[in-house]
Amino acid sequence: MESPRDILKRHGLRPKHSWGQNFLGDADALQSIADALELREGEPVVELGPGLGHLTRFLAATGAQVTAVERDRDMVAVLEKEAIPGVRVVSGNAATVDFAQVAGVPEIALVGNLPYHLTSSILFQVLAQRAHISRAVFTLQKEVVVRLAAEPGNRDYGLLTVLLGLHFDVEEVLTLEAWRFHPPPKVDSAVVRLTRLASPRAPLVDEARFTRLVKAGFAQRRKTLINSLKSDKGLAKPDVLLAALQTAGVDPGRRAETLSPAEFAAIERALGPVTAMAPPPPDAPEPDSEADADDAS
């Protein structure tokens, strides 16, 4: 296979560092990523950020229907010139696109090498669009994958660990050393597989309230759970929060990182019917913020 360096040179291009472009051209690694998706012939798969089309070729070789979504116009031009058989190239932003809609089908598999600055945003899109995603395989920074796959009680365990863990099986597939990429990033990467569960690990009354509850729990993760939850004054009154913890059988003196997704869900259910909630406090982390990426993704 032609190396990323040679393809870039042939097209008169250089990697865009500001876009987090690190191209993977290692055939063994690419085959492992394609294998992790377990694609069936004719199955629709959406690739986010195909770049120069290295992984795209391995996906197409499975006989799957590949839709490659790329926002860099230079990379779109490369992909169109390369004209990989069985691949449809779409210009779009992976952080905002409707994954199933861009493929024109109700359900898809999802794959991509995600730049760090877009990781949190795309993972929240996966959560929002999970009904249309059977599974996803992503190449991410190693430390991010460690956090996503962490168990309760681990310092790496955080917001996205809980939110994804309620709806997906999350497993690390393999580690990719920095030297495998062009140009080599400063840190190693890893591949993570998300497999959607047939039903959530625990029922909820309201998904939005669950997300807000977990966010509040991790907003001040060094504090006890009850004190962290009280920091979002619009979530519920302190006495209601305390009663919900007691109903759910969760010690208010625990910290958020010790709770399983099912325990967070039990607290959310114990809050009862949803009433109008005040907006979150201004200093509350937003889903795609660096704070969330640092603490939870």
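The values are calculated or read from the model by the stated rules, or taken from the named source; none is laboratory data. A quick note: this is a predicted structure, and the numbers were derived from the prediction, not measured. Cβ coordinates were reconstructed from backbone atoms using ideal geometry, including for glycine residues, and neighbour counts include every protein chain displayed. In case anyone asks, the SASA skips ligands and DNA or RNA and just uses the protein heavy atoms, side chains included. Shrake-Rupley method; radii C 1.70, N 1.55, O 1.52, S 1.80 Å.
Heavy-atom accessible area of Arg130 with all protein chains present, probe 1.4 Å, nearest 10 Å²?
Only protein atoms counted, so the area is about 60 Å².
What is the P(r) of the range 8-196, as percent of Cα-Cα pairs per 5 Å bin from 0?
1, 8, 18, 22, 22, 17, 8, 3, 1, 0
Taking springs between alpha-carbon atoms closer than 10 angstrom, which of Ala27, Ala60, Ala136 fluctuates most in the Gaussian network model of the chain?
It is Ala27.
Compute the orientation-averaged projected area for the range 102-171 from the convex hull of its Cα atoms and round it to one decimal in nm². Let's see the in-between values first.
Details: hull surface 19.0 nm².
Value for the range 102-171: 4.8 nm².
Please report, as a whole percent, how much of the solvent-accessible surface of the chain comes from carbon and sulfur atoms (probe radius 1.4 Å). Display every interim value, and only then the final one.
Working: 6710 of 13480 Å².
Carbon-and-sulfur percentage of accessible area, whole number: 50.
Over the chain, what is the percentage of antiparallel beta bridges among all DSSP beta bridges, to the nearest 5? Before the final figure, lay out each step's value.
Numbers: 17 of 37 bridges.
Just about 45 percent of them are antiparallel.
Using only the Cα atoms of the range 207-271, each taken as one equal point scatterer with no solvent, compute I(q) by the Debye sum, divide by I(0), and report log10 of the ratio at q = 0.16, 0.17, 0.21, 0.22 Å⁻¹.
After summing over all Cα pairs, the log10 values are -0.39, -0.44, -0.71, -0.79.
Residues with amide H under 5 Å of Gln21's amide H, sequence separation 5 or more or different chain, H placed in the peptide plane at 1.01 Å from N; which?
Amide H neighbours of Gln21, under 5 Å, 5+ apart: Lys16.
Could you work out the local net charge near Arg180, counting Lys and Arg as +1, Asp and Glu as -1, over the other residues with Cβ closer than 11 Å to its Cβ? The partial results should precede the final answer.
Numbers: positive: none; negative: Asp26, Asp28, Glu177, Asp188.
Its environment carries a net charge of -4.
Please compute the net charge surrounding Pro238, taking Lys and Arg as +1 and Asp and Glu as -1 over other residues with Cβ under 14 Å from its Cβ.
On the way: positive: Lys223, Lys230, Lys233, Lys237; negative: Asp232, Asp239.
Around Pro238, the surrounding residues sum to +2.
Pull up all non-local amide H partners of Gly92: gap of 5 or more, or a different chain, and H-to-H distance under 5 Å with H placed in the peptide plane.
Glu70, Arg71
Kindly report, to the nearest 10 Å², the accessible surface of Lys223 as traced by a 1.4 Å probe over protein heavy atoms only.
100
With θ set to phi - 60°, apply the Karplus curve 6.51 cos²θ - 1.76 cosθ + 1.60 along the range 17-24 and write out the HN-Hα couplings as whole Hz, x wherever there is a Gly or Pro.
In residue order, the calculated couplings are 5, 5, 9, x, 7, 10, 8, 9 Hz.
Size of the dipole of the chain about the Cα centre, Lys and Arg at +1 and Asp and Glu at -1 on the beta carbon, nothing else charged, in debye to 20?
Values: 33 positive and 39 negative charges, 111 e Å.
About 540 debye.
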